[in-house]
Amino acid sequence: MKKLTIAAAVGGAAFATPAMAQSAPGGLHVGVIGGYEGIDVEASDGSETADADSAVYGITAGYDLSLGGGFVGVEGEYSASSGSTEFPSSFAGAREGLETDGQYYIGARVGFAVTPGIAIYGKAGYTALDTSAFTEAGSLDDLEENTDGFRFGGGLQVALPGPLEGRLEYRRSEYNDLGIDGFGDAKTDQVVAGVGLRF
């Protein structure tokens, strides 16, 4: 009886060990995202600010290196939105509004598994933003510009049936100078959900 009890205990410990040491995801992955974006833009002299809310959607691709219970990876993304901010008074040659077009991102991810099939992660990297400065009256042609900045954020990653996985993520992008007279700093806050395919 004692031997049977010891054998059962050893077997139970062997069964429990893999559950305690969770395996983090690894390999190539591609996916689509969609969600909310908020943008805030400052006048270059800091006298005015403008903000807007819109939908955002995009595509992602990357590679994760599994380190047992954790992982490190690289990731790239393109996203687009329809954010359009307008200042309460005209400035910068009557260009009083700014539209956001595409955002580009490349950066690193670091995370670890918390349960079987669920991981949390943080991310940071380089981002670029396409913008168009416009006049509400349409008296001047749109002035298009590209600026770069820094993005950071984090999220939750969940394994779905087969090679599929889901994500819920928050990230902030900060741009110190939009490169257009009259416009200063800008930042975007995004909350997105995504579905991906892991190879």
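The values are calculated or read from the model by the stated rules, or taken from the named source; none is laboratory data. Treat the numbers as computed from the prediction; the structure is a model and nothing was measured. Cβ atoms come from the backbone with ideal geometry, glycine included; neighbour counts cover every protein chain shown.
If Ser47 meets every condition in (1) surrounded by fewer than 15 Cβ atoms within 10 Å (Cβ to Cβ); (2) in contact with a Lys or Arg (Cβ under 8 Å, 6 or more places away or on another chain); (3) modelled with pLDDT under 75 apart from one, which number is that one?
Going through (1) surrounded by fewer than 15 Cβ atoms within 10 Å (Cβ to Cβ); (2) in contact with a Lys or Arg (Cβ under 8 Å, 6 or more places away or on another chain); (3) modelled with pLDDT under 75 one by one, Ser47 breaks only (2).
Against the definition (modelled with pLDDT under 95, out of contact with any helix residue (DSSP H, G or I) (no Cβ under 6 Å at 6 or more places or on another chain) and among the small types (Gly, Ala, Ser)), how does Ala108 come out, yes or no?
Taking the combined requirement at face value, the residue does not satisfy it.
I want to confirm something. Restricting to segment 168-199 and keeping residues that are among the aromatic types (Phe, Trp, Tyr) and assigned to a strand (DSSP E or B), which single residue is nearest to Ala61 (Cα to Cα)?
So, considering only residues that are among the aromatic types (Phe, Trp, Tyr) and assigned to a strand (DSSP E or B), the one nearest to Ala61 (Cα to Cα) is Tyr170.
Could you say whether any residue in segment 1-15 is closer than 19 Å to Ser173 by Cα and at pLDDT below 90?
Checking segment 1-15: not a single residue is closer than 19 Å to Ser173 by Cα and at pLDDT below 90.
Determine whether Ser66 is modelled with pLDDT of 85 or more and under 17 Å from Thr127 (Cβ atoms).
Taking the combined requirement at face value, the residue does not satisfy it.
Name the single residue, out of those in segment 149-170 being surrounded by 15 or more Cβ atoms within 10 Å (Cβ to Cβ) and touching a residue at least 40 places away in the same chain (Cβ under 8 Å), that is farthest from Phe71 (Cα to Cα).
The qualifying residue farthest from Phe71 (Cα to Cα) is Arg151.
Please determine, by comparing only the residues of segment 27-44 that are under 25 Å from Phe112 (Cβ atoms) and among the hydrophobic types (A, V, I, L, M, F, W, C), which one is surrounded by the most Cβ atoms within 10 Å (Cβ to Cβ).
Ile33
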